[in-house]
Amino acid sequence: MSFTIDVGSARVTQLTELAHWPFPPRELFPHAGDAEIEDASARLTPEFFDAGSGDLVLAIHTYLVEIGGKAIVVDTGNGNSKHRPNLLPHHMFGTDYLSRFADTGVDVGDVDLVVSTHLHPDHCGWNTNLEAETWRPTFPRATYIFDRTELAALEQLAADGPHEGVVSDLAQTFEDSVRPVLDGAKWEAVDDGHVLAESEGTRVVVRSAPGHTPGHVVIEIRTADGGAVIAGDVIHHPIQFLYPDLSQGGDADPEIARVTRRELLERCASEGLLLLPAHFPVDEPITIEFDSSGAPSASGLIGLATS
Ligand SMILES: [Zn+2]
């Protein structure tokens with residue numbers, strides 16, 4: 001599962017870390033009602049809903065953006081060998097992601113910038129790689145870009161420990177996927193509007209998109225007449241096209257996340273931005289439209305016609 005598209009002068013490759021990542025619906029969306037889950041089952045099976053198990057089907061994608069001679073990795077997936085005993089869907093992966101990364105023709109040593117939409121374990125995991133029992137930056141020459149708010153929040157959480165449960169796994173994410181970068185790589189903390197690269201009228205820009213986490217960002221690739229947006233966890237699953245107000249259990253501030261999701265989907269529709277999701281099990285970019293009732297739909301996604 002992966003694709004490459006041209007967005008202006010940028011070449012964007014979706015590189016999938018995990019193609020099939022199932023979750024019981026209420027594990028992701030604790031407030032989903034029976035009717036909403038039944039509706040999702042009827043309209044999203046089989047691509048996004050496994051009727052046999054009753055699970056929502058997700059994936060984990062990362063993106064490689066090549067522009068003006070620069071290589072930028074956006075979101076680094078879950079990573080291998082990360083100990084997440086309280087977040088078992090994230091625990092101890094052993095995928096061949098790095099060899100598939102090499103198949104893109106870009107060497108990890110040639111990556112210029114690495115940026116995460118946010119610092120949850122499945123978006124910054126391959127920031128580091130375990131070498132001789134030590135976590136080392138996976139992209140040794142890269143400058144790692146962090147949203148200033150996001151980095152400060154996770155750093156503070158780790159400093160406030162020791163923690164228990166899920167929070168201890170978030171603190172561990174700082175220790176194994178962020179601290180080794182701060183200690184052993186080039187890095188920079190940036191704010192809304194930071195331009196990562198610009199070439200021939202195409203710009204790659206960090207844009208604030210809070211709610212899921214305090215400093216969540218999206219990465220926009222803007223051209224004169226549209227572009228694409230790497231959306232991270234602003235939207236997790238196509239059930240949120242059917243019910244855009246459905247908050248995900250991990251949303252730090254569900255109300256802000258809801259507004260951010262609405263605004264992003266509306267902007268994709270009105271500004272002609274392709275949606276490049278982190279977790280939809282799809283191998284194509286998504287075009288957002290709004291129907292006459294004001295509900296968002298995604299053309300190209302089977303079963304999502306909002307008739
Ligand atoms: Zn995620």
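FYI, it's all coordinate maths here, none of it is from the lab. Since the structure is predicted, the reported quantities are computational estimates derived from the model, not experimental observations. FYI the Cβ positions are ideal-geometry reconstructions off the backbone, even for glycines, and counts take in every protein chain you see.
Backbone amide hydrogens, once placed in the peptide plane, bring Leu196 within less than 5 Å of Val204, Val205, Val206, excluding anything fewer than 5 places away on its chain. The packing ranking of peptides 115-122, 39-46, highest mean first, is 115-122, 39-46, where packing means the average number of other beta carbon atoms within 10 angstrom of each residue. Along the axis of the charge dipole computed for the stretch 2-299 (Cβ charges of +1 for Lys and Arg, -1 for Asp and Glu, origin at the Cα centre), the listed residues Tyr144, Tyr63, Asn86 are led at the positive end by Tyr144. Of Lys70, Lys82, Lys186, the sequence from fewest to most neighbouring Cβ atoms within 10 angstrom is Lys186, Lys70, Lys82. Computed from the alpha carbon positions, the gyration tensor of the chain leads to an equivalent ellipsoid with semi-axes of 28, 24, 18 Å, biggest first.
May I ask you to order 72-80, 219-227 by the average number of other C-beta atoms within 10 Å around their residues, highest value first?
On the way: 72-80: 25.3, 219-227: 18.7.
In decreasing order of mean packing, 72-80, 219-227 become 72-80, 219-227.
Remind me, relative contact order of the chain in percent, using alpha carbon pairs under 8 angstrom and six or more residues apart?
Values: 690 pairs, mean separation 54.9, N = 307.
Computed value for the chain: 18 percent relative contact order.
Please report the antiparallel percentage of the DSSP beta bridges confined to the chain, to the nearest 5. About 75 percent, rounded to the nearest 5.
Scattering from the C-alpha atoms of the stretch 50-120 alone, worked out with Debye: what is log10 I(q)/I(0) at q = 0.15, 0.16, 0.19, 0.23 1/Å? Log10 I(q)/I(0), no solvent term: -0.64, -0.71, -0.91, -1.13.
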